[in-house]
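*Asks:* Have a look at this one.
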Amino acid sequence: MVEEEGFRRYVAHVILWIGIAIVAFPVYIAIVASTQDNALIANGQMSLLPGGHFFEVYYQTIFVGTSGSTREPVANMMLNSLIMAILIAVGKIAISIISAYGIVYFRFPFRMPIFWIIFITLMLPVEVRIYPTYKIVADLHMLDSYAGLSLPLIASATATLLFRQFFMTVPDELLEASRIDGAGPLRFFWDTLLPLSRTNMAALFVILFILGWNQYLWPLLITTRDDMQTIQVGIRKMITTSDALTEWPVVMATAVLAMLPPVFVVVVMQKLFVRGLVETEK
Amino acid sequence: MANVTLRNVRKTYPGGFEAIKGVDVDVGDGQFCVLVGPSGCGKSTLLRMVAGLETVSGGEIDIGGRVVNQVEPADRDIAMVFQNYALYPHMSVYNNMAYGLRNRGMAEAEIKTRVEEAARVLELAPMLERKPRQLSGGQRQRVAMGRAIVRQPKVFLFDEPLSNLDAKLRIAMRVEIRKLQRRLNTTSIYVTHDQLEAMTLADILVVMNGGQVEQVGNPLAIYEKPATTFVASFIGAPPMNLMSTRPDEIKTQLGADGRAAEAGILGIRPEDFVITDQTPAGGVALALTVEAIERVGAETFVYGSRRQDEQPVAATPGELPPGEVIVRIPGAEAPAIGQKIRIAAVREKLHLFSGDGRKRIEA
């Protein structure tokens, strides 16, 4: 890439700054609002500078919860969301890497039909099959449980396809060398294929964790108890529409807290994530 | 220490394609056998069948007196060096070499002794902790060799191990492989498409074409007495000049006596020609117009064309177009382009083949 010079370069920078401002401003507002006094916000007199109620608001949010609608502290919601997101991400990776291994490295009857069936499930996201899925989960008595929150979302065609594509780029000679070195199918999977998939797994983990973290419709349907609520559902419930005053600082603090785990995962996994998406070296 | 015997080995793929059409080869204990042929001739398939990576459709593969047709690769007591080395990218050099031994449940102390010994022999000792991607091509190649050596197998299998290296390194590694094999005295089967590699490495040379063995034997014997025109043009660079014996010019020179009469193709190696106006008794002399000259220092190649009425001879890969002749002369002295010269070869240097090129005729 050739470095632009002088004026053109400043124009480019200005455009980028505008883009950043558009993305960052709502986040900034959320942070500022979470440090203000509720009455001030309700009056429509919110300042654009941080207020003085930071510790107070966050203490209340994390450990106490709102005084109105749901009396669930956000710490518990975050724990629920975290468990669900991790179960979904880890479960999806584990299941899809095993099924991709089966499809790529073994010749069994109906291999291709099975592959196509997996492929077709791409067209059936949770929203489409929500009633039958709900029925099954209810019949299995998994409502209001972590299993109910995560299991129906675990089977993943996308991740299976991704691992399949990756396995197909692994040279056949590696498998052959393993066979000569006396490694059976499980050994080859564990000693060679898994370590090679490390970066792909990291990239997938980031994507799937955020996907799981942001689930809204499914948790809303199958959790009724307050202590099983996830943070995305919790935020919505805090915003009351009738008689009570919405506690905006708490809502905003919850939103800020809801952003933190995905940000943390991205920052920690960034190096592996980028390598996983662009890596060609084998 | 074992001999490898292939008895009427066949490979037919599910689609019905016959990759190997009945091959018999006998490699003695400690011998270095080279399978050579153009790409697609089945040499790699044959090697992979010996390794156990391809199933055998017919015949028997015998390693050290045991028929191994149904034996898993790991239990055949063989080690293989792949063309792309197939090193485990996530393991250190040490672990690459130790992996196969660990899978066999060998004690860690014994593994260490063997790996360090192999590393010493291959001059890899300072790199044991590195990953393959931190090594040069030649070093990776040596790690692949090391992985084979530490196993102390009955048979080494090499699948074009040098073709990913640059020309200079290839020659150096070629010598190294030969020295190593001599010292370890392990039976080896080596696949290559490079006839020079084949000539220099082999105790026994197996020339293959179209899934069949064209000729087996000592490399020099094959060079001196190729059994078919395919072998004649494949072994030796530049290739042997092949021409029809039908034109009167050649027919009269060969004489109508006995065997020469049944020959359909005459072959003469480029180095067996001399530029001379005389015709040696019983030999062959040709008139040539010089078309191109290649000087490589120690020797010079003269490309010339004969008269246009030459009948084309069935061409095989690496062969000259009909009517063209290569002459190799020592030194840098050469005739000018466009000059008409006469070349001749003595009777002993003529190779005669049947008309279809499948049979050698001793003159």
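What follows is calculated from the coordinates using simple rules that are stated; it is not laboratory data. Model, not experiment: these values are computed from the prediction. Cβ coordinates were reconstructed from backbone atoms using ideal geometry, including for glycine residues, and neighbour counts include every protein chain displayed.
*Asks:* Please list, or write none, the aspartates and glutamates whose alpha carbon is within less than 19 Å of the alpha carbon of B:Lys349, excluding same-chain residues fewer than 8 places away.
*Replies:* Within the straight-line limit of under 19 Å, B:Lys349 reaches these aspartates and glutamates: B:Glu224, B:Glu249, B:Asp257, B:Glu262, B:Glu271, B:Asp272, B:Asp277, B:Glu319, B:Glu324, B:Glu362.
*Asks:* Which distance in nm do the two modelled labels at B:Ala109 and A:Ala75 give, with both placed 7 Å along the Cα-to-Cβ direction?
*Replies:* Those two pseudo-labels are separated by 5.5 nm.
*Asks:* Could you work out which residue, out of B:Ile149, B:Ile235, B:Ile293, moves most in a Gaussian network model of chain B, that is, has the largest mean-square fluctuation with Cα springs under 10 Å?
*Replies:* Among B:Ile149, B:Ile235, B:Ile293, the largest GNM mean-square fluctuation belongs to B:Ile293.
*Asks:* So, one more: Tell me, what is the FRET efficiency for A:Glu56 and A:Ile114 to the nearest 0.05, using R0 = 51 angstrom and their Cβ-Cβ distance as r?
*Replies:* 0.35
*Asks:* Still on this structure, I have one more. From the P(r) of the stretch B:4-228, can you give the percent of Cα pairs sitting at distances over 22 Å?
*Replies:* Here the long-distance tail beyond 22 Å is 51 percent of all Cα pairs in the stretch B:4-228.
*Asks:* What chymotrypsin sites (Phe, Trp or Tyr not before Pro) does the stretch A:179-260 have in DSSP loop regions with at most 16 other beta carbons within 10 Å?
*Replies:* Passing both the DSSP loop test and the Cβ count: A:Tyr216.
*Asks:* If each DSSP helix of 4+ residues adds -39,500 (n - 2.57) and the sum is divided by the residues in chain A, what number results at 222 nm, nearest 500 deg cm²/dmol?
*Replies:* Calculated mean residue ellipticity at 222 nm is -21000 deg cm²/dmol.
*Asks:* Arranged by the count of other C-beta atoms within 10 angstrom, fewest first, what order do A:Val128, A:Val233 take?
*Replies:* A:Val128, A:Val233
*Asks:* Hey, another quick one. Could you check what % of the DSSP bridge pairs in chain B are antiparallel, to the nearest 5?
*Replies:* Around 75 percent of the beta bridges assigned by DSSP in chain B are antiparallel ones.
*Asks:* In Å and on Cα atoms, what radius of gyration and Dmax does the stretch B:182-268 show?
*Replies:* Every Cα atom of the stretch B:182-268 included, Rg and Dmax give 16.3, 56 Å.
*Asks:* Here is a follow-up. Using only Cα atoms, what is the ratio of the radius of gyration of the protein assembly as shown to 2.2 N^0.38 Å?
*Replies:* The reported ratio for this selection is 1.44.
*Asks:* Running a GNM on chain B with Cα contacts under 10 Å, which residue among B:Leu35, B:Leu220, B:Leu162 ends up with the highest mean-square fluctuation?
*Replies:* Among B:Leu35, B:Leu220, B:Leu162, the largest mean-square fluctuation in the Gaussian network model of chain B belongs to B:Leu220.
*Asks:* Report the one residue of A:Phe119, A:Thr35, B:Ala119 whose Cα lies farthest in the direction of the positive end of the charge dipole of the protein assembly as shown (charges on C-beta: Lys and Arg +1, Asp and Glu -1; origin at the Cα centre).
*Replies:* Farthest towards the positive end: B:Ala119.
*Asks:* Before rounding to the nearest 500, sum -39500 (n - 2.57) across all DSSP H runs of length at least 4 in chain B and divide by the residue total; then give [θ] at 222 nm in deg cm²/dmol.
*Replies:* Computed mean residue ellipticity for chain B: -7500 deg cm²/dmol.
*Asks:* Antiparallel as a % of all DSSP beta bridges within the protein assembly as shown, to the nearest 5?
*Replies:* 75 percent
*Asks:* One-quarter of the Cα convex hull surface for the stretch A:74-278, in nm²?
*Replies:* The directionally averaged projection comes out at 14.1 nm².
*Asks:* Can you name the helices of chain A, as whole DSSP H runs, whose Cα span along the helix axis is 30 Å or more and whose Kyte-Doolittle mean is not below 0.5?
*Replies:* Answer set is A:6-33, A:74-105, A:248-278.
*Asks:* Among A:Ile239, A:Ile114, A:Ile130, determine the one that fluctuates most according to a GNM of chain A built with springs between C-alpha atoms less than 10 Å apart.
*Replies:* Of A:Ile239, A:Ile114, A:Ile130, the Gaussian network model singles out A:Ile114 as fluctuating most.
*Asks:* Counting Lys +1, Arg +1, Asp -1, Glu -1, what net charge surrounds A:Tyr134 among other residues with beta carbon under 15 Å of its beta carbon?
*Replies:* -1
*Asks:* Kirkwood hydrodynamic radius, computed over distinct alpha-carbon pairs, for the stretch B:127-223: how many Å, to one decimal?
*Replies:* 14.7 Å
*Asks:* Ranking B:Val284, B:Val175, A:Val170, B:Val34 by Cβ neighbours within 10 Å, fewest first, what do you get?
*Replies:* In increasing order of surrounding Cβ atoms, one gets B:Val175, A:Val170, B:Val284, B:Val34.
*Asks:* Name the trypsin sites (Lys or Arg not before Pro) in the stretch A:212-242 that are in a loop by DSSP and that have at most 14 other C-beta atoms within 10 Å, would you?
*Replies:* Of the trypsin sites (Lys or Arg not before Pro), the ones in loops of the stretch A:212-242 whose Cβ has at most 14 other Cβ atoms within 10 Å are A:Arg225.
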